[in-house]
1. Considering region B:238-247 alone, what residues qualify as being touching a helix residue (DSSP H, G or I) at 6+ places or on another chain (Cβ under 9 Å) and either facing chain A (nearest Cβ under 8 Å) or among the aromatic types (Phe, Trp, Tyr) (or both)?
2. State all residues of region A:163-192 that are touching a residue at least 12 places away in the same chain (Cβ under 8 Å), farther than 14 Å from A:ILE207 by Cα and either exposed (fewer than 15 other Cβ atoms within 10 Å of the Cβ) or among the hydrophobic types (A, V, I, L, M, F, W, C) (or both); if no residue qualifies, say none.
3. From (1) at pLDDT 95 or above; (2) more than 7 Å from chain B (Cβ to nearest Cβ); (3) within 30 Å of A:SER22 (Cβ to Cβ); (4) in a helix (DSSP H, G or I), pick out the condition that doesn't hold for A:ARG289.
4. Here are A:GLN110, A:GLN73: which of them is part of a helix (DSSP H, G or I), of a type in the set (S, T, N, Q) and either modelled with pLDDT of 85 or more or closer than 30 Å to A:PRO338 by Cβ (or both)?
5. Please go through region A:388-408 and pick out each residue that is more than 9 Å from chain B (Cβ to nearest Cβ) and either over 35 Å from the mean Cα position of the chain (by Cα) or surrounded by 13 or more Cβ atoms within 10 Å (Cβ to Cβ) (or both).
6. Let me confirm something: among B:LEU346, B:LEU354, B:LEU362, which residue is under 20 Å from A:LEU42 (Cα atoms) and touching a residue at least 12 places away in the same chain (Cβ under 8 Å)?
7. Please go through region B:366-408 and pick out each residue that is in a strand (DSSP E or B) and aliphatic (A, V, I, L, M).
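The values are calculated or read from the model by the stated rules, or taken from the named source; none is laboratory data. Worth saying up front: this structure is predicted, and the values here are computed from it rather than measured. Neighbour counts run over all protein chains shown; Cβ positions are idealised from the backbone, glycine included.
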There are 2 protein chains.
Amino acid sequence: MEKHQNGEDSEQLDPSICGYDSLHHLLKDNLKPHHFQEVNRLLTGLNCGKVLETIALPQSATALSAEHGFDLQAFCFHADKEVLREPRIVRVGLVQNSIALPTTAHFVDQKKAIFEKLKPIIDAAGSSGVNILCLQEAWMMPFAFCTREKKWCEFAEPVDGESTKFLQSFAVKYNMVIISSILERDMNHGDVIWNTAVVIGNHGNIIGIHRKNHIPRVGDFNESTYYMEGNTGHPVFETAFGKIAINICYGRHHPLNWLTFGLNGAEIVFNPSATVGELSEPMWPIEARNAAIANSYFVASINRVGTETFPNPFTSGDGKPAHADFGHFYGSSYISAPDASCTPSLSRNRDGLLVTDMDLNLCRQYKDKWGFRMTARYELYAETLARYLKPGFEPQVIRDPLLHKSSS
Amino acid sequence: MEKHQNGEDSEQLDPSICGYDSLHHLLKDNLKPHHFQEVNRLLTGLNCGKVLETIALPQSATALSAEHGFDLQAFCFHADKEVLREPRIVRVGLVQNSIALPTTAHFVDQKKAIFEKLKPIIDAAGSSGVNILCLQEAWMMPFAFCTREKKWCEFAEPVDGESTKFLQSFAVKYNMVIISSILERDMNHGDVIWNTAVVIGNHGNIIGIHRKNHIPRVGDFNESTYYMEGNTGHPVFETAFGKIAINICYGRHHPLNWLTFGLNGAEIVFNPSATVGELSEPMWPIEARNAAIANSYFVASINRVGTETFPNPFTSGDGKPAHADFGHFYGSSYISAPDASCTPSLSRNRDGLLVTDMDLNLCRQYKDKWGFRMTARYELYAETLARYLKPGFEPQVIRDPLLHKSSS
């Protein structure tokens, strides 16, 4: 098990965090095979005798994984053969990582060290033939927003800044679309800061950006200290490898956000995140899978890894003493499919690369099978939402006329 | 293990269905305690050291469970103590059951046999002090809609029909709100049929009805042969024990349906269902929990049990030979809380009663904690949905301008 990069030994952490690598391994290593098979069927949605195949990756990729100690897993989702359409198989890569230097190091060194750390992981993705690669939220910096200190704003970059340039070279080298979630500085609009995903095309060009739609104000995640709700709508990016969208972090709690990317035609929605165990871990295996089911598309969930310690202790508005970190980023990146199945998750503790093949034809096949769009009655909800927004909105409540009897 | 009431021995079924009673028991019986504890934390969302307590039920209830062989489990969700509000603890009961006679029996006998089968389960709920009891979808008949035969329409009843009268006596006897999901015959509107939940107040009065909003056309569930989309909106029923709503079966796949019950103020949403393993089991543990998280309310999920065989074989539109049943109703009723935790599920194979205490204060506490309503940007989505509905809707797509290069 790797050492945490901020100087902590993993042995010092809660043993419940470090005693196993992932839920999948915990179950597989401790259940009899036929029990594991049935548990796995229920948990990963592999119904009707379906099997989630693993992919053999090239030796160059597995060697990088072994040398640099990052988790590397690869799976394949199938779709039915169609008569009138060829399969549209896309290989997706997800990267999760801890930071590379203590948060007290010089900012330039911190960012450069993250670049260096990511290079072999991105090389492994490229040499594995990944078509679309997505990094975690604000991958180019520590997730410092818990501190409410403005000095971390220095990490912000323009859309075409050094982090984008760093990734553009890989996009060209490997003919790979790359989604890069950064802290953006919009210099043309008064230097304001945004939480932004930059979509880099497979020729290295910037196709466009999406700014995080929903901003948390929960626990240590009071990110509205730094940036406001995004103003870029719900764009779907038509790339060489499919129609993709990005639902950044806290936006995964909002079903309407997922819905709207679907209405705009997304076939894969990426959810680059940064979230910690004590806050959100029970929700992590639920929300992305629900979005994939409800919207008949693939969802790719990425979470950062490790514990980040900051120089000045901060409080969390929970009456507890000030502290210098806000918990364990539990990794566990995974992919959900429209048929309700999902891959196992990457490690809870280590950097990792998840490679997954998916036939995008599965999306329309599941629209046809379940008919969720056809049966959605959007007109009912458009009318309801419009009515709800009015100050005089009265909820549809049917009160038991005998209610006063109960309180007598 | 009970015999299936339609004459099949459970031994004849797929062993993967019958080899264990529930996922919870499969894991608990086969993992070491400390492994089970961690797996259970991840799967049931018991974070931050939370424990889901069991409740001791009166001997009268456990005796009925033992005598009649139905699963009986009881749990308790806690909320934080508030300064200005007293706890609002409600005891909820969910009933899952198989049918009681073969589908070839006289219809009068079939219905009466179900009544007789339910009596001890409802008595167990009443003597356990349940405040709100909910039965499964169309509990008073076999789920015959797969056949597309119209003779089953004879089971339909007016809102104040015999099934309602049967339950009204229990409502009065036990001071219990009862939600009864029936096949409704609307004699005042041309004898049309609806899939309807009747809400019976704790004084035995009929508070109101809700008609299923979304009707499936999937696999054997082509229910639109019998009834259309409901015309009763998204009512929330203000009962003596809290504000409740009913999202019937297939409506659980529609996040907007869940959302709207929440906008109207529901604190518990019941999801009476009838769904089979091969079709929906991977979705079952996902959608209800997601709805509870996203809308900061409790969700009570109920599914019927057993395999129902019909006299005339029918096809499923899947190219396979005609068959006389449409799979195993897998029970697994459970309750989800707004904090992302959930109870274990009832048996996959046996009738059951799940009793659960919940402090409704948890709903607003989680609205305050996570702020999903505050950060929801409903105005954005009202506008988008209205635009989407127009025939000329153009999705927000940003196309890679270099896309033609890729195909060359």
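1. B:GLU238, B:THR239, B:ALA240, B:PHE241
2. Of everything in region A:163-192, those that are touching a residue at least 12 places away in the same chain (Cβ under 8 Å), farther than 14 Å from A:ILE207 by Cα and either exposed (fewer than 15 other Cβ atoms within 10 Å of the Cβ) or among the hydrophobic types (A, V, I, L, M, F, W, C) (or both) turn out to be A:PHE166, A:SER169, A:PHE170, A:LYS173, A:ILE182, A:LEU183, A:MET187, A:VAL192.
3. (2)
4. Checking each option against the conditions leaves just A:GLN110.
5. Here is the first cut: in region A:388-408, the ones more than 9 Å from chain B (Cβ to nearest Cβ) are A:390-392, A:394, A:404, A:408.
The answer is A:PRO391, A:GLY392, A:GLU394, A:HIS404, A:SER408.
6. Numbers: B:LEU354 fails: under 20 Å from A:LEU42 (Cα atoms); B:LEU362 fails: under 20 Å from A:LEU42 (Cα atoms).
Step by step, each of B:LEU346, B:LEU354, B:LEU362 is checked, and only B:LEU346 is under 20 Å from A:LEU42 (Cα atoms) and touching a residue at least 12 places away in the same chain (Cβ under 8 Å).
7. Pass one, region B:366-408, residues in a strand (DSSP E or B): B:397-399.
Answer for region B:366-408, where residues must be in a strand (DSSP E or B) and aliphatic (A, V, I, L, M): B:VAL397, B:ILE398.
This table checks each residue for (1) in contact with a helix residue (DSSP H, G or I) (Cβ under 9 Å, 6 or more places away or on another chain); (2) part of a strand (DSSP E or B); (3) surrounded by fewer than 20 Cβ atoms within 10 Å (Cβ to Cβ); (4) basic (Lys, Arg).
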{"site": "A:SER301", "(1), (2), (3), (4)": "yes, yes, no, no"}
{"site": "A:SER316", "(1), (2), (3), (4)": "yes, no, yes, no"}
{"site": "A:GLY319", "(1), (2), (3), (4)": "no, no, yes, no"}
{"site": "A:LEU346", "(1), (2), (3), (4)": "no, no, no, no"}
{"site": "A:ARG364", "(1), (2), (3), (4)": "no, no, yes, yes"}
